[in-house]
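**Q** One structure coming up, written as structure tokens, with questions to follow.
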Amino acid sequence: MHQALGRITMYAGKRIPPYALDKPGERVLLHGNQAIARGFLEGGGQVASTYPGTPASEILETIADFAEMYDIYAEWAANEMVGFEVAAGAALCGARAMSSMKHIGVNWAMDPLMHLILRSPPGGFILVSGDDPSQHSSANEQDNRYIARIACIPCYEPSSPAEAKEMTAKLFEVSESIRLPVMLRPTTRVCHARSDVVLGPINRERRTGRVPADINFKNVSWNAPVLSHKHLHDKEAKTKEIAETVPWNWIEGDGSERLGVLGSGLSYNYAKEAINKLGLSGRVSLMKLATTYPVPDKMLTKFMSGLEKLLVVEELEPFVELYVRALAKEVNPKLSIYGKMDFNTKMIPREEELNTAIVANAVADFAGVPRITFPSAPEEVRAYVKGMLTPRGLDMCAGCPHRATGYALKTALRKLGIRDFIGVGDIGCYGMVGNPPLQLLDTELCMGASIGTSQGCARVAKGVPVFGIIGDSTFLHAGIPGLVSAIWNNNNVKFVICDNEATAMTGFQPHPGTGRTAMGRGTKVDIESVVRGVGVKFVEVIDPYDVSRSVDVFMKAIQFDGPACVISKRICASEAVRLARRAGKTLPPHKVHLEKCTGCRACINLFGCPALVYYKDENKVKIDNTLCIGCGVCGQICPYEAISPSEVA
Ligand code: SF4
Ligand code: SF4
């Protein structure tokens, strides 16, 4: 079957997507994450495992898409640490492996990473860190190049999807040549941008193996020289040599320029465009840097040696700039360096992502030429587009079960006369119960932290109920140890697990509670059994669409003396719509009987489903049929029984 793939475009009755075609030389349009997955295929990747997280989720999804076709193993793990460990085990047994995750996920993987670097895995290992400048879909914008430096592993920054593909395919070899993991650090724009990618040949080598003798604990003790910190540092010279020779670093200019700009990763593109638009080609030399750790000293020295002024352009922290400043002290002490660390000018911002306009302004100021303005859409076009958009904040979908869960909890508190409470949220759509009108949250940290943080709050804010509100995927990712600790220490917190049967925020990937895996069907992990197994005495499962019972259960949980857990179980509204569509069905909307509607707006002010729209002129609420999924919750809230299924008169 594999031999035939070059001539056919179908596999198992399905059309083979462009990223999986065995057609070397073919030019296809891929986004960055698909390109990285393709690089995995061309580089002989054999095992991929991780947990979903934007901007990197589609890498594993794409690999899973062609895994069976090419004898690859791809899995979603319970969290990034486990995913990294699965891939690490494969690399220790000699296979080429990858774990791709969002930048914050690397925090989870850091523990096994800091030990894998001392184990010299024989199989190539790529850690993909999808960094997210501007926090498009993240709780912070940490710069993971620092993690590469802490771990002493090479860090490669692609400037485009095409380059990301080439790098991924090549980095397995780099990793094996130094027996170290390698970090590939695409940013959101590279992950999600699309560009032409030329397909290369597919590497079909698949390995079986064991942990080799030179690092096997049966032969060497864990503190043997070959596994030592010094051995790790000894690899740095070779890593630097590789950085001098890879094809993704270069210098543009003839060496006569006195002004230079250095751009790392995607920033190189902004710098190049800025130099061209400002008409500075020939006056300003440009260095493209892909290997941001370790930096190729010889190439950088050559670039800097004739310059009088240098501007370093990079996203987030002054990671490269700091190194450049240190090296310049030795090779060109008179060089004036600009970027983020020059406190007088601060030409390049240290927060949020860059763009051509920001970089062009910096380059203009740096070169002492007038700034240019970038053309924007004509005023009438912008006004037209603005008129089509409805201003709205961050909100849950119409029919979202999390909103119903939040409403029931808030109603239970009101019925018990409790105004003072603490709510700790977690990472997922349900974090939006912190927004009006529910406003149930006081704070939120990171994956799984609601369970632990709420316990600390409860120990200090005595006498008020404290809630930890977490999703199903997040609970299975990182919440279980916190729950064990709560039971162990008898911390009186009320935990709400919002089980919507999906990792919704990152794109509906399966999690252990769904029983589905990246490549098919697995064994379902039952959240209720886990919670009971840990020893929680008060455990109730509710359907949040049943408002009355949900409120009753929350009231009992709040009054229970000790840790209590309410599992609010109802499929994600968006997923319900998708499943219905696939089955050729629609979810019939509800309707407001206008003769009964008094315009009190309780449905909007207390609940706030976005399908409910108030018409001021009529003093009536109507339901937007294009959004409503007929969950029926608003009908249970309306004090005048004005809302019912549309087929009911
Ligand atoms: S039934 Fe009501 S609450 Fe449910 S989706 Fe429709 S408008 Fe929103
Ligand atoms: S709660 Fe009922 S009566 Fe009040 S505005 Fe909404 S639909 Fe109308």
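**Q** Of everything in segment 384-409, what is surrounded by fewer than 24 Cβ atoms within 10 Å (Cβ to Cβ) and either at positive phi or within 16 Å of ligand 2 (Cβ to nearest atom) (or both)? Give them in sequence order.
**A** Correct list: 398 only.
**Q** Just checking, how many residues over segment 527-542 are exposed (fewer than 14 other Cβ atoms within 10 Å of the Cβ) and among the charged types (D, E, K, R)?
**A** Going through segment 527-542 one residue at a time, the tally reaches 2.
**Q** Which numbered condition trips up residue 215, out of (1) within 32 Å of the chain's Cα centre (by Cα); (2) buried (at least 17 other Cβ atoms within 10 Å of the Cβ); (3) among the hydrophobic types (A, V, I, L, M, F, W, C)?
**A** (1)
**Q** Still on this structure, I have one more. Here is a list: 569, 585. Which entry is at pLDDT 95 or above, basic (Lys, Arg) and more than 10 Å from ligand 2 (Cβ to nearest atom)?
**A** Details: 585 fails: at pLDDT 95 or above.
Matching residue, one of 569, 585: 569.
**Q** Another one. Filter segment 533-548 for residues that are touching an Asp or Glu at 6+ places or on another chain (Cβ under 8 Å) and over 18 Å from residue 571 (Cα atoms) and give the result. First the steps, then the outcome.
**A** Start the filter on segment 533-548 by keeping residues that are touching an Asp or Glu at 6+ places or on another chain (Cβ under 8 Å), which leaves 539, 541.
Across segment 533-548, the qualifying residue is only 539.
**Q** Taking segment 483-512 only, how many residues are assigned to a helix (DSSP H, G or I), more than 19 Å from the chain's Cα centre (by Cα) and among the polar types (S, T, N, Q)? Spell out how you get there, then give the answer.
**A** Initial filter on segment 483-512 (assigned to a helix (DSSP H, G or I)): 483-488, 504-506.
Subset that is more than 19 Å from the chain's Cα centre (by Cα): 483-488.
Restricting the remaining residues to those that are among the polar types (S, T, N, Q) gives 485.
Summing the residues that are assigned to a helix (DSSP H, G or I), more than 19 Å from the chain's Cα centre (by Cα) and among the polar types (S, T, N, Q) in segment 483-512 gives 1.
**Q** Considering only residues that are closer than 14 Å to residue 362 by Cβ, out of contact with any Lys or Arg (no Cβ under 7 Å at 6 or more places or on another chain) and not small (Gly, Ala, Ser), which ones fall in segment 269-300?
**A** Scanning segment 269-300 gives 270, 272, 273, 275, 277, 278, 280, 284.
**Q** Outside any helix (DSSP H, G or I) and either aliphatic (A, V, I, L, M) or in contact (Cβ under 8 Å) with a residue 24 or more places away in the chain (or both): is that true of residue 74 in this structure? Quick ask: steps written out before the conclusion?
**A** Numbers: outside any helix (DSSP H, G or I): yes; either aliphatic (A, V, I, L, M) or in contact (Cβ under 8 Å) with a residue 24 or more places away in the chain (or both): yes.
Considered against the rule, which asks whether it is outside any helix (DSSP H, G or I) and either aliphatic (A, V, I, L, M) or in contact (Cβ under 8 Å) with a residue 24 or more places away in the chain (or both), residue 74 comes out as yes.
**Q** Any residue in segment 492-518 that is within 18 Å of residue 403 (Cα to Cα) sitting within a Cβ distance under 7 Å of a residue that is among the basic types (Lys, Arg)? List the pairs, counting only those 6 or more apart or interchain.
**A** 499/569; 500/570
**Q** Looking at segment 594-644, which of the residues that are among the hydrophobic types (A, V, I, L, M, F, W, C) and either more than 14 Å from ligand 1 (Cβ to nearest atom) or exposed (fewer than 13 other Cβ atoms within 10 Å of the Cβ) (or both) is nearest to residue 408 (Cα to Cα)?
**A** Taking the candidates together, the pick is 600.
**Q** So which residues in segment 618-645 are on the phi > 0 side of the Ramachandran plot and near ligand 2 (Cβ under 9 Å from one of its atoms), if there are any at all?
**A** Listed by number, the residues that qualify are 619, 641.
**Q** I'd like to check which helices (runs of 4 or more DSSP H) are fully inside segment 216-293 and have at least 1 residues that are hydroxyl-bearing (Ser, Thr, Tyr), in the same structural domain as residue 91 (by TED's automatic domain parsing) and out of contact with any strand residue (DSSP E or B) (no Cβ under 7 Å at 6 or more places or on another chain). I'd like the intermediate steps shown before the answer.
**A** Values: elements: 229-234, 236-245, 267-277.
Passing ranges, in order: 236-245.
**Q** Can you report the number of residues in segment 627-648 which are over 18 Å from residue 403 (Cβ atoms) and touching a residue at least 12 places away in the same chain (Cβ under 8 Å)?
**A** Going through segment 627-648, the residues over 18 Å from residue 403 (Cβ atoms) turn out to be 639-642, 644-648.
Going one step further and asking which of them are touching a residue at least 12 places away in the same chain (Cβ under 8 Å), we end up with 639-642, 644-647.
Total satisfying the criteria: 8.
**Q** Quick one: in segment 305-328, of everything that is surrounded by fewer than 18 Cβ atoms within 10 Å (Cβ to Cβ) and free of Cβ contacts under 8 Å to residues at least 40 places away in the same chain, which residue is farthest from the chain's Cα centre (by Cα)?
**A** Per the criteria, the residue is 305.
The values are calculated or read from the model by the stated rules, or taken from the named source; none is laboratory data. Because the structure is a prediction, the values reported are computed rather than measured. Reconstructed Cβ throughout: ideal geometry from the backbone, glycine too, with neighbour counts over all protein chains shown.
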